[in-house]
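This report concerns only the one structure given below.
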Amino acid sequence: MTTPEDPTPYYDDEMRRLLGQFQADIRPLEELQESLDAVRGRGEAADGQVRAEVLPTGALGGLRIDPRAMRLGADALAEAVLAAANAAAEDLAAQMTGLMTTGLTPFADEVRRFTRD
């Protein structure tokens, strides 16, 4: 018998079992998505005087300019900001690649299993 909280009152036991298995199977993908959402790329330039953080969206999430960096001059400071942001973007890409490779490998193995059969 179903309870009022049961969202699937019309499913039979086999359907509930399959739904539960599906939810268990996709949980690693949900965890991967959470990890990807939380990752931050970090980079620096001008001997650490300029530090940048990039979000998974590619947006600049943070920028820290040490007061000593003001001595660089406007053009050099602008170049340092761009260099730090680019380094942060590269760091983000590397982290995301690692997470995707690790997170999707079990699914790739499963796909290979299905394509062999």
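The values are calculated or read from the model by the stated rules, or taken from the named source; none is laboratory data. Note that the structure is a prediction, hence the values are computed from the model and not measured. Glycine also receives a Cβ, built like all others from the backbone with ideal geometry; neighbour counts cover every protein chain displayed. Keep in mind that these areas ignore ligands, DNA and RNA; they rest on the heavy atoms of the full protein, side chains included. Shrake-Rupley method; radii C 1.70, N 1.55, O 1.52, S 1.80 Å.
Helix 13-38 axis versus longest C-alpha principal axis of the chain: approximately 0°, rounded to the nearest ten. Each peptide among 108-114, 26-32 gets the average number of other Cβ atoms lying within 10 Å of its residues, and from highest to lowest they stand as 26-32, 108-114.
The trypsin sites (Lys or Arg not before Pro) found in region 29-93 include none that occupy coil by DSSP while having at most 13 further C-beta atoms within 10 Å. Compactness check for the chain: Cα Rg over 2.2 N^0.38 Å is 1.72. With helices as the sole contributors, the chain gives -21500 deg cm²/dmol at 222 nm; each DSSP H run of n ≥ 4 counts as -39500 (n - 2.57), and the sum is divided by every residue. With the convex hull built on the Cα atoms of region 48-117, state its orientation-averaged projected area in nm². Here the figure is 5.8 nm², rounded to one decimal.
Computed over protein heavy atoms with a 1.4 Å probe, the carbon and sulfur contribution to the accessible area of the chain reaches 57%.
Computed from point charges on the beta carbon alone (+1 for Lys and Arg, -1 for Asp and Glu), the dipole magnitude for the chain about its Cα centre is near 460 Debye. Note on region 42-82: with charges restricted to the Cβ of Lys and Arg (+1) and Asp and Glu (-1), its dipole about the Cα centre is near 120 debye.
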